[in-house]
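Contents: one structure, followed by commentary.
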Amino acid sequence: LTLDTKKIEVRSDLQAIYLTCDNNKIYTVLDNLISNAIKYTPQHGVINLRIYQKNENVVIEVDDEGPGVMASDKAKIFDPFYRGNAKHQSLVNGTGLGLSIAKEFVEAHGGKISLIPSNFGAHFRVSLPIGSRKET
């Protein structure tokens, strides 16, 4: 609903990749990153979502056209209950747990989540080891 209300465009470049993982936990990671992007992206803004394979990893990138992460927030952004100082255009305030949960779930899979330097908006990258291919 918020995407429609704010008229946000989502651009995606998604490769089909098999990943051995806890589906619910990785869904939560994606949900937290995309929810944050929606919260901070202004009216008529764009969110980019990319999933691709790099070596033996699945890489997930989410970036937005919001205000970005303030320099004073960067060191604490993944800490539990930390809520950054950037203003957002949303009626819902977060608890400060989304990114810390995402980090915990990514690291539980042997992966890494990071904030990528960006000149505009916030850009998050998740790298997860592929593991063994699931048989269907």
Next on the checklist: Please report the carbon-and-sulfur percent of the accessible area for the chain; probe 1.4 Å, protein heavy atoms only, DNA, RNA and ligands left out.
Outcome noted: 51 percent
Checklist entry - Tell me, what is the percent relative contact order of the chain, built from C-alpha pairs under 8 Å that lie six or more residues apart? => result 29 percent
Item to check | Distant-in-sequence amide H partners of I8 (H built 1.01 Å from N, under 5 Å) | outcome: H44
Checklist entry - What's the longest piece of the chain with no exposed GluC sites (Glu not before Pro), counting a site as exposed if DSSP puts it in a loop and it has at most 13 other beta carbons within 10 Å? => result 57-134
Checklist entry - Once fully extended, how much extra length lies between Y18 and L30, figured as 0.36 nm per residue of separation less the alpha-carbon to alpha-carbon distance? => result 2.7 nm
Checklist outcome for this item: Listed by chain and number, the residues whose amide H is under 5 Å from that of H123, excluding neighbours fewer than 5 places away on the same chain and using placed H, are I116
Checklist entry - Where does helix 98-108 land angle-wise versus the long Cα axis of the chain, in degrees 0 to 90, nearest 10? => result 10 degrees
Checklist outcome for this item: Ordered by number, the chymotrypsin sites (Phe, Trp or Tyr not before Pro) in the range 1-83 that occupy a DSSP loop and have at most 12 other Cβ atoms within 10 Å are F81
Next on the checklist: Take E107 and K74, extend 7 Å from each Cα along the Cα→Cβ direction, and tell me the distance between the two endpoints in nm.
Outcome noted: 2.0 nm
Item to check | For N57, distant residues with modelled amide H under 5 Å away | outcome: I130
Checklist entry - If you take every DSSP beta bridge whose two residues both sit in the chain, what share of them, in percent to the nearest 5, is antiparallel? => result 75 percent
Item to check | Local electrostatic count, P129, Cβ distance below 12 Å [Lys/Arg +1, Asp/Glu -1] | outcome: 0
Next on the checklist: Quick check for you: with a 1.4 Å probe and neighbouring chains kept, what is the accessible area per residue of the chain, in Å²?
Outcome noted: 62 Å²
Checklist outcome for this item: Computed over the chain: longest principal axis from alpha-carbon atoms vs helix 23-40 long axis, angle to nearest 10 degrees, is 20 degrees
Checklist entry - Does the range 1-73 classify as rounded, prolate or oblate by the C-alpha gyration tensor (a ≥ b ≥ c root eigenvalues; a/c under 1.5 gives rounded; else a/b over b/c gives prolate, otherwise oblate)? => result prolate
Item to check | Segment N55-L115, extension gain: residue separation times 0.36 nm, minus the distance between their alpha carbons | outcome: 19.6 nm
Checklist entry - So what is the relative contact order of the range 22-71, in percent, for Cα pairs below 8 Å that sit 6 or more residues apart? => result 34 percent
Checklist outcome for this item: Given (i) 9.0; (ii) 8.5; (iii) 7.3 as possible values of mean projected area of the Cα convex hull in nm², the one from the coordinates is (ii)
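The values are calculated or read from the model by the stated rules, or taken from the named source; none is laboratory data. Quick caveat: nothing in here was measured; it's all calculated off a predicted structure. Positions of Cβ are backbone-derived with ideal geometry, glycine not excepted, and every protein chain shown enters the neighbour counts. Accessible surface is based on the protein model in full, side chains and every heavy atom, while ligands, DNA and RNA are left aside. Shrake-Rupley method; radii C 1.70, N 1.55, O 1.52, S 1.80 Å.
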